[in-house]
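Colleague: Input: one structure, supplied below.
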């Protein structure tokens, strides 16, 4: 084997290692969910694996409906919807006095929240709103739509839309 062939072989090995490292670094949220679901399944934690199965099914359904790959932000939105569903279930089960189901749903809620970044605080959102008001020269409620669009783009899934709307309305009506 000549020197050039050895160099090519070494480069090939290095590039394969680099690709493997990059792949591991880019492990997506969906991959994390799937990996943890299998781990919980193997451990016999059906409650945790069930909620992750439901989350993965919702992600898969959204992906099929969209006909292309979902972004991490899309997946986070789906998981936030799952959180809202669970919170609604908890409130309904609480009203019905079903403490057993409340406990189950609460544990599922804790599990799924681990995969979602925390939402921005109201103070952080207010700062963005005020910056956008100045930047866009917003003067009245007539410009609320333009302001909402700019703020939602800036917060990019890190803020609840209703919270942003309430804060924008509150600030513009002062």
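The values are calculated or read from the model by the stated rules, or taken from the named source; none is laboratory data. Everything numeric here is computed off the predicted structure, so don't read it as measured data. Using ideal geometry, Cβ is built from the backbone for each residue, glycine included, and neighbour counts are taken over all protein chains shown.
Colleague: Please go through the stretch 156-171 and pick out each residue that is touching a helix residue (DSSP H, G or I) at 6+ places or on another chain (Cβ under 8 Å) and modelled with pLDDT of 85 or more.
Modeller: 163, 164, 165, 167, 168, 169, 171, listed by residue number.
Colleague: Determine, yes or no, whether residue 76 is surrounded by 16 or more Cβ atoms within 10 Å (Cβ to Cβ), modelled with pLDDT of 90 or more and within 15 Å of the chain's Cα centre (by Cα). Working first, answer last.
Modeller: On the way: surrounded by 16 or more Cβ atoms within 10 Å (Cβ to Cβ): yes; modelled with pLDDT of 90 or more: no; within 15 Å of the chain's Cα centre (by Cα): yes.
No, not satisfied.
Colleague: Restricting to the stretch 114-168, what's the tally of residues that are exposed (fewer than 15 other Cβ atoms within 10 Å of the Cβ), over 30 Å from residue 36 (Cβ atoms) and within 16 Å of the chain's Cα centre (by Cα)?
Modeller: Number of matching residues: 1.
Colleague: Among the numbered criteria (1) at pLDDT below 90; (2) buried (at least 17 other Cβ atoms within 10 Å of the Cβ), which one does residue 55 miss?
Modeller: Answer for residue 55: the failing condition is (1).
Colleague: For residue 90, all conditions in the list (1) modelled with pLDDT under 90; (2) more than 30 Å from residue 153 (Cβ to Cβ) hold save one; what is the number of the exception?
Modeller: (1)
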